[in-house]
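Here's the structure we're looking at; comments come further down.
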Amino acid sequence: MAQLRMARRQRHRRLAQWDRQFLWHPFTQMREWEQEQPLIIERAKGAYLYDTAGKKYLDGVSSIWLTVHGHRHPALDRAIRKQLEKAAHTTLLGLSHPTAIRLARELVGIAPRGLTRVFYSDDGSTAMEVALKMALQYWRQRKPAAGSKHLSAPSAWLSRRHDRRHEYRGAGIIPRTVPPPPLSIIERGASLLLSLPAQVDLSLMPDGVH
């Protein structure tokens, strides 16, 4: 038993060293993180997480990561294994697949009247970005003559005045040509959109970014 505990401690120290050396954690002040012992989770069950030392923690933020049914739910695990036997991933970019079609049909069936199409996104935050860009694109196409080479940042990301201006590209709301704020969103306590320049010159964007 003592040898097992020693092996666990050595493994944790090695992983912690690699974490500080190779990882950049989101929404995290890395200088503070590097001064602390990282909490390294390696497995989960139900409402609990287990770290590399075998300690047990109640997962109080599980709803953020879409685990409202608990970790390792038997029905979800079975569905994932069944899908993995067919394909781990395919895209809806120019293709389709049965599961996406059936789920879209079910969602439309329970959605409020007037919502007849499903657009899949990764998570809640990108879903909000997608909805915002859809609204911007809708009004942009309703009044195409009102366009300009100087648009607000979200609109600039959606369209450019060329033959393919009505295309939709990407899930991120910030163009790659706009640098991120120097401090984290949490530290600044402000919306990321508010930290962007009010106007973006589309002539500075590389070809293909629109």
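Read-outs: derived from the displayed coordinates by stated rules, not from any lab. Everything numeric here is computed off the predicted structure, so don't read it as measured data. All Cβ positions, glycine included, derive from the backbone under ideal geometry; neighbour counts span all protein chains shown.
Candidate cross-link partners of residue 143 among the lysines, defined by an alpha-carbon separation under 29 Å and a same-chain spacing of 8 or more, comprise 133. Take 130-142, 34-46 and order them by the average number of nearby Cβ atoms within 10 Å per residue, most first; the result is 130-142, 34-46.
Rounded to a whole number of µm²/s, how large is the Stokes-Einstein D of the stretch 7-113 at 25 °C and 0.890 mPa s, given Rh as the Kirkwood radius over C-alpha pairs? Don't jump to the answer; show the numbers that get you there.
Working: Rh = 17.6 Å.
Translational D for this selection: 139 µm²/s.
For the stretch 111-125, putting each phi into the Karplus relation 6.51 cos²θ - 1.76 cosθ + 1.60 with θ = phi - 60° gives couplings of 6, x, 4, x, 8, 10, 10, 10, 10, 7, 9, 6, 7, x, 5 Hz, in residue order, rounded to whole numbers and with x for Gly and Pro.
What length, rounded to one decimal in nm, is gained on full extension from residue 100 through to residue 55, with 0.36 nm per residue of separation minus their alpha-carbon distance?
Length gained, residue 100 through residue 55: 12.4 nm.
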